[in-house]
Structure formats: structure tokens, C-alpha cells
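Just below is one structure, and these are the notes that go with it.
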Amino acid sequence: MDTIYALASAQGKAGVAVVRLSGPAAHDAILRLCGRIPPMRHATLCRVSSDDGSVIDTALVLTFAKGASFTGETSAEIQLHGSRATVAALLVTLSKIPGLRLAEPGEFTRRALENGRLDLTEVEGLADLIDAETEAQRLQALRVLSGALGKKTESWRTSLIRAMALLEVTIDFADEDVPVDVTPEVIALLRDVTASLVQEVAGFAAAERIRDGFEVAIVGPPNIGKSTLLNTLAGRDAAITSDVAGTTRDVIEVRMDVGGLPVTFLDTAGLRKTDDLVEGLGIERAIARANQADLRVILTDGSVPDGVTLLDDDLILRGKVDLVGDDGPGVSGKTGQGVTGLLNHVCAALSQRAAGAGLAVHERHRQAMTSSKAVLESALDALEMGNRPTELAVEDIRQAVAILDALVGRIDVENVLDEIFSSFCLGK
């Protein structure tokens with residue numbers, strides 16, 4: 001296998017840059033650069049030189065033995081000063097060493113997968129961790145990266161293999177008396193796994209929202225202060241504000257961190273009856289987007305806006321409360337009155353939903369769990385109703401195991417690898 005190298009830290013000027021090497025010639029490359037191979041997993045200050053003997057930099061060098069590195073291969077890291085010129089000089093020198101080549105995007109992580117250092121769900125957790133913008137996203141990604149979903153999948157797999165083994169005994173010795181009826185134990189195993197799958201699928205929506213972000217729509221009639229409120233929440237002029245009714249025609253989005261949760265606030269067109277074709281299209285889009293949102297903040301002037309059917313979890317506030325002097329719940333983007341209460345309400349409502357998040361984070365996880373549940377229900381039906389041969393129930397269970405193996409990357413995952421690794425940078 002080739003020895004690969006790449007800049008593992010961010011591009012551009014920095015205090016420190018990290019260049020990673022992985023493969024059979026990694027330590028030979030360090031010997032060539034530094035004149036020695038530092039002790040394994042001990043940061044050692046070394047002078048790094050090019051082939052002509054000129055010094056590139058003085059850097060901290062770490063070496064890792066095969067089986068003890070991130071990729072599972074013989075590896076090394078060079079931590080040098082992060083100027084563009086210094087990094088470029090080192091990369092040019094590495095490119096001239098026989099047997100070394102620049103890594104492809106995600107190739108270090110792909111090698112970790114191929115060498116059994118990570119399973120496929122942990123790879124996805126690593127990608128999510130790199131992309132995490134909020135505390136909730138970080139914690140969720142760490143949970144997946146730690147192997148929680150892989151361990152859960154392994155427990156399901158163990159139970160299903162036990163169930164298959166018990167049933168196959170009855171098939172193999174069909175002409176003999178089996179001392180114990182294994183059907184009740186098999187049914188109990190299948191029910192436990194199916195119930196656990198149902199629970200995980202039920203928590204998918206909340207987990208997906210944590211990863212991709214919640215949406216909160218600000219809805220109300222024209223000139224009720226929606227755009228001003230959005231600008232206040234964003235801390236900048238994200239939306240045009242005007243006394244002219246119907247200024248907002250399209251949905252304006254601002255992404256924020258609310259209590260550690262990723263939340264996109266939506267400023268929508270003012271809801272009213274209108275003969276203006278363009279404004280009418282904006283109102284239709286506003287109603288459709290608001291109905292798809294996770295939560296709606298409805299600003300009113302005392303009446304329900306046109307086209308809105310109130311829901312139990314809608315937050316209803318009086319708009320421009322600084323002008324009307326209303327004693328009821330209200331908000332003003334201009335003065336900031338009620339904004340803290342609004343954010344606290346949004347945080348509490350969405351945190352409650354996020355609490356139900358399961359380990360299934362990606363649509364691929366949900367589909368695998370749903371498919372596995374379906375075939376296990378078929379097996380249960382065969383065993384409980386006795387309307388299908390036991391051999392078919394065993395085949396259903398075997399299919400469920402295969403689906404779960406694909407979930408963690410044991411089999412048949414080549415079709416998803418390219419998509420997953422396309423989001424990784426060169427040094428990861």
C-alpha cells in the first residue's frame with residue numbers, strides 16, 4: 001500500500017501546522033527528513049531538512065507503530081510552524097521521496113475503516129464532529145464516534161445469531177425429539193430486538209434535527225415587526241425593514257446557536273389578502289414553509305393572521321409591544337423587549353424534542369433499521385402464527401443480520417463510501 005501524506009490542519013497561516021504521514025514508508029521518510037526516528041508516541045523536537053541539507057524548520061515529530069495509530073498503519077506527524085512557505089517547502093520535499101504520494105480526501109479515515117480502527121458509523125460520527133457548530137451537535141457526534149451505535153448494532157446481531165442457531169437446531173434434528181421447545185426463547189429475542197429498533201427509529205427525527213438544525217418560523221401580518229425581530233436575533237441587518245407593507249417577499253433565513261442547538265429562524269412574508277401576484281406567491285411560500293417548521297412564533301396585532309391555523313405549540317406574541325403598550329406576552333425587535341423570553345421559550349421547546357434523540361443520525365441508519373425491523377416482524381409472524389416454514393423465518397433473521405452488518409460497514413458498503421468520504425478534507 002502507498003504511503004500517503006497531507007496537511008492535516010487548516011489551510012492558511014497559523015501558529016502551528018500538522019502534516020500527517022501513513023503507510024509502510026512513513027518512518028523511513030522521517031529518518032530521511034530528520035536523520036533519526038524519534039521514540040514511538042513521544043513528541044520529539046527535530047530539525048527537518050530537505051534532500052540538499054537545507055533546514056526547512058525545527059518541528060515536533062511523533063511516530064506511531066503499526067496497529068497503534070489512527071489509521072492502524074505505521075504513521076507519523078510533523079508539527080511545524082504554520083507559515084504557508086514552511087508548509088509548502090515540507091510538502092514539496094515529501095513529494096520527492098519515492099513511495100510517497102499526496103493523500104486523497106478522507107483517505108486517512110478510509111484506511112482506519114479498512115484496517116478495523118473505525119466502523120462505518122464511527123466514520124460518519126467523525127464527519128459530523130468536524131462539521132459540528134453547536135454543543136448539541138458536538139455531543140451527538142461524539143456519541144456516535146465513540147461507537148455507541150456500533151455497540152448497539154452488535155448487541156442486536158448477537159441476539160439474532162442466537163435466535164438463528166436455536167432455530168437451525170430444530171431444522172437439523174427435525175426427525176428427532178428436541179428436549180426443549182426453543183420457540184419461546186427465539187420469539188423473546190426477536191421481540192426485544194424489534195422493540196429496540198422501533199425505539200431507535202422513533203428517535204431519528206430528533207437526532208436528524210440536531211445534526212441538520214431546527215427551523216423556527218416567524219409568522220404574522222405585514223408591519224408587525226417580523227423583520228426587525230429577525231435582525232435583532234441575528235445581531236445584523238439580515239432582512240430589509242420598511243414601513244411599506246409587503247416588503248418581505250421571500251423567506252429569509254438566519255442560522256443561530258440557541259442553547260447549544262442549531263436553529264434557523266425564518267422571516268416570512270406578511271400574511272394578508274392581496275391582489276399583487278408576486279406578494280401572493282411570497283405569502284403562499286411563507287405559509288408552506290411555516291407549516292414545515294419545527295416551531296412557529298406568531299406575531300399578532302390582536303387577531304389571528306390570515307391563512308394561519310393555530311397549533312398547540314405555537315408561541316403567540318403581540319408584535320411591536322413597545323408601541324402598543326400591551327401588558328400581555330409580546331416582543332419588540334426595536335427595543336429588545338421580550339426577546340430573551342422568546343429565546344428561552346424556543347430553547348426549552350426544542351431541547352425537549354432533542355431529548356428524545358436516538359443513535360440513528362443519518363437517513364442511511366433509519367432505512368437500515370426500518371428494513372431490519374420489517375424482516376424480523378415477518379419472522380415473528382411465521383413463528384407465532386405457524387403459517388410459514390421455519391426455514392423461511394431463519395432466512396428472514398439472516399437477512400436482518402446482513403442489513404445490520406451493512407449498517408456498520410462489515411459488508412456491501414462500497415456504494416456509500418464515496419459519498420461519505422467526499423465531505424472530508426485531504427488531511428483527514
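Please treat every number below as a calculation from the coordinates, not as lab data. The structure displayed is predicted, hence computed values, not measured ones. Glycine also receives a Cβ, built like all others from the backbone with ideal geometry; neighbour counts cover every protein chain displayed.
Starting with the fewest neighbours, write out 365, 81 ranked by other beta-carbon atoms found within 10 Å of each beta-carbon. Mind dumping the intermediate values first?
On the way: 365 24, 81 16.
Going from least to most buried by this count: 81, 365.
Please work out whether the range 87-162 counts as rounded, prolate or oblate from its C-alpha gyration tensor, where a ≥ b ≥ c are the square roots of the eigenvalues and a/c under 1.5 means rounded, while otherwise a/b larger than b/c means prolate and anything else oblate? Oblate. Looking only at the range 367-385, which residues have a backbone nitrogen under 18 Å from a spot 7 Å from the Cα of residue 199 in the C-beta direction? Once the point is set 7 Å along Cα→Cβ of residue 199, 369-370, 372-374, 377 turn out to lie under 18 Å by backbone N, inside the range 367-385.
Shape verdict for the range 273-350, please, from the Cα gyration tensor: rounded (a/c under 1.5), prolate (a/b greater than b/c) or oblate. Walk me through the intermediate numbers first.
Details: a/c = 2.13, a/b = 1.38, b/c = 1.54.
It comes out oblate by the Cα gyration axes.
Sort 197, 21, 277 so the one with the fewest other Cβ atoms within 10 Å of its own Cβ comes first.
Details: 197 24, 21 30, 277 8.
Sorted ascending by nearby Cβ count, the order is 277, 197, 21.
Tell me what the chain gives for mean residue ellipticity at 222 nm when only DSSP H runs of n ≥ 4 count, each as -39,500 (n - 2.57), the sum divided by the residue total, rounded to 500 deg cm²/dmol. Can you show the working numbers first?
Values: 15 runs with 201 residues, N = 428.
The per-residue figure over the chain is -15000 deg cm²/dmol.
Please give the contour-minus-distance gain from residue 130 to residue 301: 0.36 nm per residue of separation, less the Cα-Cα distance, rounded to one decimal in nm.
Details: separation 171, 0.36 × 171 = 61.56 nm, distance 4.40 nm.
Contour length minus the Cα-Cα distance gives 57.2 nm.
Compute the Rg/Rh shape ratio of the range 1-121: radius of gyration over Kirkwood radius, all on alpha-carbon atoms. Can you show the working numbers first?
Details: Rg = 13.6 Å, Rh = 14.3 Å.
Taking Rh as the inverse mean 1/r over Cα pairs, Rg/Rh reads 0.95.
Normalised by the number of residues in the chain, the average gap of Cα pairs under 8 Å and 6 or more apart makes the relative contact order 17 percent. In this structure, the amide hydrogen of residue 264, modeled 1.01 Å from its nitrogen in the peptide plane, lies closer than 5 angstrom to those of 214, 215, 216, 256, counting only residues at least 5 positions away or on a different chain. Taking other C-beta atoms within 10 angstrom as a stand-in for reagent exposure, 332, 372, 146 fall in the order 146, 332, 372, fewest first. When volume of the Cα convex hull per residue in Å³ is calculated for this entry, the matching label among (i) 214; (ii) 155; (iii) 168 is (i). In terms of its C-alpha gyration tensor, the range 9-68 comes out oblate, because a/c is 1.5 or above while a/b does not outweigh b/c.
How large is the charge dipole for the range 30-84, taken about the Cα centre, if only the Cβ atoms of Lys, Arg (+1) and Asp, Glu (-1) carry charge, to the nearest 20 debye? Please list the in-between numbers first.
Numbers: 6 positive and 5 negative charges, 29 e Å.
So the magnitude is around 140 debye.
Among the lysines of the chain, pairs at least eight places apart or on separate chains and with Cα atoms under 26 Å apart come to 14. Its Cα centre serving as origin, the range 1-152 has a Cβ charge dipole (Lys and Arg +1, Asp and Glu -1) of approximately 360 debye.
Near residue 25, the amide H atoms lying under 5 Å from its own belong to 3; only residues 5 or more places off or on other chains count, and H is placed 1.01 Å from N.
About the Cα centre of the chain, how large is the charge dipole given +1 on each Lys and Arg Cβ and -1 on each Asp and Glu Cβ? Please answer in debye to the nearest 20.
On the way: 42 positive and 61 negative charges, 429 e Å.
That gives the chain a dipole magnitude of about 2060 debye.
Taking 0.36 nm per residue of sequence separation and subtracting the Cα-Cα distance, how much length would be gained by fully extending the chain between residue 285 and residue 148, in nm to one decimal?
Numbers: separation 137, 0.36 × 137 = 49.32 nm, distance 4.01 nm.
Between residue 285 and residue 148, full extension yields an extra 45.3 nm.
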